[in-house]
Amino acid sequence: MNLPPQAAPNACRVAVLVDAPQHSGLSTALDYLADQPLPVGSLVRVPLGARELLGLVWEGEAPLPEPDAPPLTLRPVSAVLDAIPPLGAAWRALLVFAAGYYQRAAGELALSVLPPQLREVSPAQLQAKLKKLHKARVTVPTEATAPRPELTAAQQQALAPVLAALQAGQAPPPFLLWGLTGSGKTELYLRAAEVALAQGRQVLVLVPEINLTPQLEARFAQRFAGVAMATLHSALTPAQRLQHWLAAHLGHARLVLGTRLAIFASLPELGLIVVDEEHDPSYKQQDGARYSARDLAVYRARLEQVPVVLGSATPALESWAHAQAGRYQRLDLAERMGGGALPQVRLFDMNRLPRQPGVTTALSPALVEALRLRHARGEQSLLFLNRRGYAPVLHCDQCNWKSDCPHCSAHQVFHKADRTLRCHHCGVSQRVPRACPSCGNADIAPLGRGTEQLEEQLEALLPGARVARIDADTTRLKGALHAQLHAVHEGEVDVLVGTQMVTKGHDFRRITLVAAINPDSALFSSDFRAPERLFSLLMQAAGRAGRDAAQAARSEMWVQTWYPAHAVYQALRQHDFAAFAQAQLTEREAAGLPPYAHLALLRAEGRDVAAVRAFLLAAQAQADALAQQFGAEVLVYPPVPLPVARVANVERLQMLMEAPQRGALQRLLRAWLPQLQALKRQHRGVLRWAVDVDPLAI
Ligand code: ADP
Ligand code: ZN
Ligand code: ZN
């Protein structure tokens, strides 16, 4: 409906959230006039300055204290999108919690998680669309094609508490479903979803990556005939995203599958949340409101009194610690389906290789032999190396020139296929110079290796083998990844080379050899989560092999390492996540790291490193003073540069805060943020700053 520009005499005041970032100071709702009360959660359009913005009605409406004076200062709401029912109380509570916890303005967060197209559509357009919404284009499979297998005893046992919780209709503790790749976790998601759907509830399933949605979507579609499904992720067109969002909000879509942003889907009849691969770092948003969709899923489940199932072969250590402490209920699936065993892990000690000056191959002769054997038997192999390009740097050994990026504190990576040097941080690209730009030496050489070089070496070492590469370079075009994976499935590839992209989720049945070429760097990373990530990556990669019982017996995972005795690899050799987790948790406890401490980061950036540092030092003084004032146990560390300090000529620094109690840290942040905003205004050299609560990397 369109409101008249002149407010009616019986007008009332409505509070409206708009997309104003915290930093602008507009962190609370703004007041507008409406000629009738508007339900909280209604979407409206409101004027702000010269613009008209999408807004969300917040709080209750209040009568104007004096009928004639205030209308002069308050502007009327321009329009109400009343074709869309108001967002519900549970959704709003989730939003309030997330905004508070991650220290963002509620309006900014609200408007960033609603479909962007809502900002553009007029009420009239919406009116027309909704009419169409009854046939909202969400998938409705007509015929279930996949058989519904009998559950194994282990599956029944794991599922029972989830079903009991669904039937009891109350929030149990979160379930942590711990099971190897191929142990039947997805089947349990399907069974739990089946019950929730039969109860007339909506089901939300989160996956870490867009690439994994079609696979899971197909699995659900094959099981549930006649159930409307919607997907929510960032690769949808704005129109699709609006349509799917509305389908969920209106209750038409019963099953919603999506990436992290789907945690904010409006689901008025939510009955179950599943978070697949709950340990995956992709669940953490890395800009704007830096929320963890996994953590919000746990919060939302408690808020809405519904069960949440977190599934993983290598749970996040936070989740594992919760389960150890009895706060989460662990459900175990110890065996792989169909008797598929995990491959035998072979740690190949690179120190054993004779050193031959001038000869560099990424592959030990023993591994090459193992690859030949696979090829001869018609089996597939998968090699991964977490570095794309041909070589991470070009080098001149006469003057020591290196292909540094002029704009970043990083090397430019050598890409042989198109003879370019490319910076993976700022994207700048140039032709490979013919000679050393510094001394003219014509003999500049690549140092180290990436997937492109590995592919080249494999082609030379395994004549006749069909080698394919999957990484960010080969999958840039839409549909490319899908086509390449399809080729692997169809057996058109003998050896697949890739970055960690290839280790995730794809079910390659013919692979009997998986090899990690050089994973050691993670062992010595300054990031305290690096060992956890490495273990999970290697376990996941191992899970790619031997999914067929017949092949399992001769499946192997090779790790080429200079540190075969390292605890991470020893635990991997035993496939012993529990032992690994215990050892890591003991270390974390001793070091005062999560989950035994709670962290927040303040990051700031600008062109001049001194200006950024000055801002952070002043911020540190503020935080210290607040900690004193509250008597809070919050430790504030001095500012340090990020691991890649300069990107695109912008200097980046960060400051870490650590507290044994989450509450103490939250209290401090809440009091500190307004001070920081004021401080920023005094420090013009700072381009941007942001607070990251529960950061993944420090
Ligand atoms: P995960 O999600 O742990 O990787 P899945 O649920 O995908 O495991 O199960 C692995 C394979 O075993 C799939 O092909 C699945 O269809 C099959 N499967 C799962 N449960 C059963 C069962 N009870 N009986 C027969 N096959 C099953
Ligand atoms: Zn030189
Ligand atoms: Zn750069």
Under 7 Å between Cβ atoms, at least 6 apart or on separate chains: pull out the pairs that start in segment 164-185 with a residue that is of a type in the set (Lys, Arg) and end on any residue that is more than 16 Å from ligand 3 (Cβ to nearest atom).
185/177; 185/179; 185/311; 185/333
Show me the strands (runs of 3 or more DSSP E) entirely contained within segment 352-469 in which 1 or more residues are touching a residue at least 12 places away in the same chain (Cβ under 8 Å) and among the aromatic types (Phe, Trp, Tyr).
380-384, 413-415
In segment 283-312, residues that are in contact with a helix residue (DSSP H, G or I) (Cβ under 8 Å, 6 or more places away or on another chain) and at pLDDT below 95 total 2
The number of residues in segment 646-684 that are buried (at least 17 other Cβ atoms within 10 Å of the Cβ) and within 16 Å of ligand 3 (Cβ to nearest atom) is 5
Inspect segment 476-495 for any residue being part of a strand (DSSP E or B), in contact (Cβ under 8 Å) with a residue 60 or more places away in the chain and under 23 Å from residue 186 (Cβ atoms) and give the result as yes or no.
no
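For segment 279-288, does any single residue satisfy the condition of being of a type in the set (D, E, K, R), in a loop (DSSP other than H, G, I, E, B), within 16 Å of ligand 1 (Cβ to nearest atom) and buried (at least 24 other Cβ atoms within 10 Å of the Cβ)?
Keep residues of segment 279-288 that are of a type in the set (D, E, K, R), which gives 280, 284, 287.
From the residues that got through so far, the ones that are in a loop (DSSP other than H, G, I, E, B) too are 280, 287.
Add one more test, that the residue is within 16 Å of ligand 1 (Cβ to nearest atom), and what stays is 280.
Cutting the leftovers down to buried (at least 24 other Cβ atoms within 10 Å of the Cβ) gives us 280.
There is at least one residue in segment 279-288 that is of a type in the set (D, E, K, R), in a loop (DSSP other than H, G, I, E, B), within 16 Å of ligand 1 (Cβ to nearest atom) and buried (at least 24 other Cβ atoms within 10 Å of the Cβ).
Is segment 572-579 home to any residue that is over 19 Å from residue 380 (Cβ atoms), part of a loop (DSSP other than H, G, I, E, B) and small (Gly, Ala, Ser)? Break it down stepwise before answering.
Start the filter on segment 572-579 by keeping residues that are over 19 Å from residue 380 (Cβ atoms), which leaves 572-579.
Among the residues that remain, those that are also part of a loop (DSSP other than H, G, I, E, B) are: 574-576.
Going one step further and asking which of them are small (Gly, Ala, Ser), we end up with none.
Looking for residues that are over 19 Å from residue 380 (Cβ atoms), part of a loop (DSSP other than H, G, I, E, B) and small (Gly, Ala, Ser), one finds none in segment 572-579, hence no.
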Residue pairs within 6 Å by beta carbon, gap of at least six or interchain, first lying in segment 647-663 and farther than 19 Å from residue 634 by Cβ, second of a type in the set (A, V, I, L, M) and outside any strand (DSSP E or B), listed first then second, are 651/609; 651/612; 653/612; 653/616
Could you go through segment 506-522 and let me know if any residue there is modelled with pLDDT of 80 or more, closer than 27 Å to residue 567 by Cβ, surrounded by fewer than 23 Cβ atoms within 10 Å (Cβ to Cβ) and acidic (Asp, Glu).
yes
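Are any residues in segment 98-108 of a type in the set (A, V, I, L, M, F, W, C) and either at pLDDT 95 or above or in contact with a Leu (Cβ under 6 Å, 6 or more places away or on another chain) (or both), and if so, which ones?
To start, the set of residues in segment 98-108 that are of a type in the set (A, V, I, L, M, F, W, C) comprises 98-99, 105-106.
Matches in segment 98-108: 98, 99, 106.
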Which pairs have Cβ atoms under 7 Å, sit 6 or more apart or on different chains, and link a residue in segment 219-240 that is β-branched (Val, Ile, Thr) to one that is surrounded by 16 or more Cβ atoms within 10 Å (Cβ to Cβ) and in a strand (DSSP E or B)?
227/255; 231/257; 231/258
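Out of segment 240-261, which residues are under 21 Å from residue 191 (Cβ atoms) and in contact with a His (Cβ under 9 Å, 6 or more places away or on another chain)?
Taking segment 240-261 and keeping what is under 21 Å from residue 191 (Cβ atoms), we get 253-258.
Those that are under 21 Å from residue 191 (Cβ atoms) and in contact with a His (Cβ under 9 Å, 6 or more places away or on another chain): 253, 256, 257, 258.
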Among (1) part of a helix (DSSP H, G or I); (2) among the hydroxyl-bearing types (Ser, Thr, Tyr); (3) in contact (Cβ under 8 Å) with a residue 40 or more places away in the chain, the one test that residue 563 misses:
(1)
Working carefully through the options 409, 364, 381, find the one that is of a type in the set (Ser, Thr, Tyr) and surrounded by fewer than 18 Cβ atoms within 10 Å (Cβ to Cβ).
409
Output the residue which, of all residues in segment 412-460 that are of a type in the set (Ser, Thr, Tyr) and surrounded by fewer than 18 Cβ atoms within 10 Å (Cβ to Cβ), is farthest from ligand 1 (Cβ to nearest atom).
438
Conditions (1) surrounded by fewer than 23 Cβ atoms within 10 Å (Cβ to Cβ); (2) in contact (Cβ under 8 Å) with a residue 12 or more places away in the chain -> residue 502 fails only (1)
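In segment 97-125, what residues are among the charged types (D, E, K, R) and closer than 20 Å to residue 30 by Cβ? Before you say what the answer is, go through the steps one by one.
Filtering segment 97-125 for residues among the charged types (D, E, K, R) gives 104, 108, 119-120.
Passing the criteria: 104, 108, 119.
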Set 261, 232, 242, 257: member being farther than 30 Å from residue 592 by Cβ, over 18 Å from the mean Cα position of the chain (by Cα) and not hydroxyl-bearing (Ser, Thr, Tyr):
242
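The values are calculated or read from the model by the stated rules, or taken from the named source; none is laboratory data. None of the values given here were measured: they were computed from a predicted structure. Heads up, the Cβs are rebuilt from the backbone with ideal geometry, glycines too, and the neighbour counts pull from every protein chain shown.
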